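The values are calculated or read from the model by the stated rules, or taken from the named source; none is laboratory data. Computed from a predicted model, the values in this text were never measured in an experiment. All Cβ positions, glycine included, derive from the backbone under ideal geometry; neighbour counts span all protein chains shown.
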Amino acid sequence: MKIIVLVKQVPDTWGDRKLSPATGVLNREASEPVIDEIDERALEVALSYKDSNDAEVVAVAMGPASATAVLRKALSMGADSALHLLDDELSGSDVGWTATALAAVLTKSGFDLVIAGSESTDGRGGVIPAMVAEHLRVPHLTFLQSAEIMPDSVAGQRATENGTISVHALLPAVISVTERSAEPRFPNFKGIMRAKKKPLDVLSLADVGIDSTVAFAGLGHSVVLAISERPARTAGRKIVDAGNAGNDLAEFLATRHLI
């Protein structure tokens, strides 16, 4: 079985994220770039299956040259190979352009199952896995808190407001997992050393059959017209209980339409 795992390089999950005043897009130099935590969980789902089954796990990333680092991390965790879609035309891509480009990579590489995180921690669109599946014309099971891979199908549990529902689909398929999915493993020293020798291929849009000048003619890139800093938080109001604190608190909440 060939399992593709989509991974993304994002600013440090626990750090501050800033927009560039010049471009209006995310300033990726403002914090340390790391592999998205949710993608590590997606990778763990694939690797757990590979541990006891005949499977090939391929990590796929789309991004600037620095995204090679997250692919090396995926290789050190146990992925067999990696593909890096690198092209200047991808800069500032919106979700539609991103899904189109990723689907082209998957079509070229071939797959039985695609696993992704439910949403990235920088964009938080939450729609890429479903959009990729639509391009590929395969079933998709999204926002799974657990997943079970079988030789010809995949199943999982999805949380809802009223409980959980069980879903399943025949392969080939696309799934996405949430932060409640498998806890990712840590790469050991042997894995880190092996990662240096594993194949990591760099692809352009032309390599995956996309002529961006014809297919999109400049569309598909986000254009930010203006940005502004979030206002600093103002000091809160301190209520001292002199026998009427309950009334003061109720009035405070009511004036802000919180009750």
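Data table
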read-out: Any hit, segment 152-175, residues being within 17 Å of the chain's Cα centre (by Cα) and surrounded by 22 or more Cβ atoms within 10 Å (Cβ to Cβ); value: yes
read-out: Scope segment 155-183; condition in contact with a helix residue (DSSP H, G or I) (Cβ under 9 Å, 6 or more places away or on another chain) and among the polar types (S, T, N, Q); matching residues; value: S176, T178, S181
read-out: Count - residues of segment 122-173 that are touching a Lys or Arg at 6+ places or on another chain (Cβ under 8 Å) and at positive phi; value: 1
read-out: Which numbered condition K196 misses (of (1) charged (D, E, K, R); (2) out of contact with any helix residue (DSSP H, G or I) (no Cβ under 6 Å at 6 or more places or on another chain); (3) modelled with pLDDT of 95 or more); value: (3)
read-out: Residue pairs meeting the criteria (Cβ under 8 Å; at least 6 apart or on separate chains; first of a type in the set (G, A, S), in segment 224-240; second surrounded by 10 or more Cβ atoms within 10 Å (Cβ to Cβ)); value: A226/G24
read-out: Residue count for segment 128-141, restricted to those that are without any contact (Cβ under 8 Å) to a residue 40 or more places away in the chain and either in a helix (DSSP H, G or I) or under 24 Å from K18 (Cβ atoms) (or both); value: 4
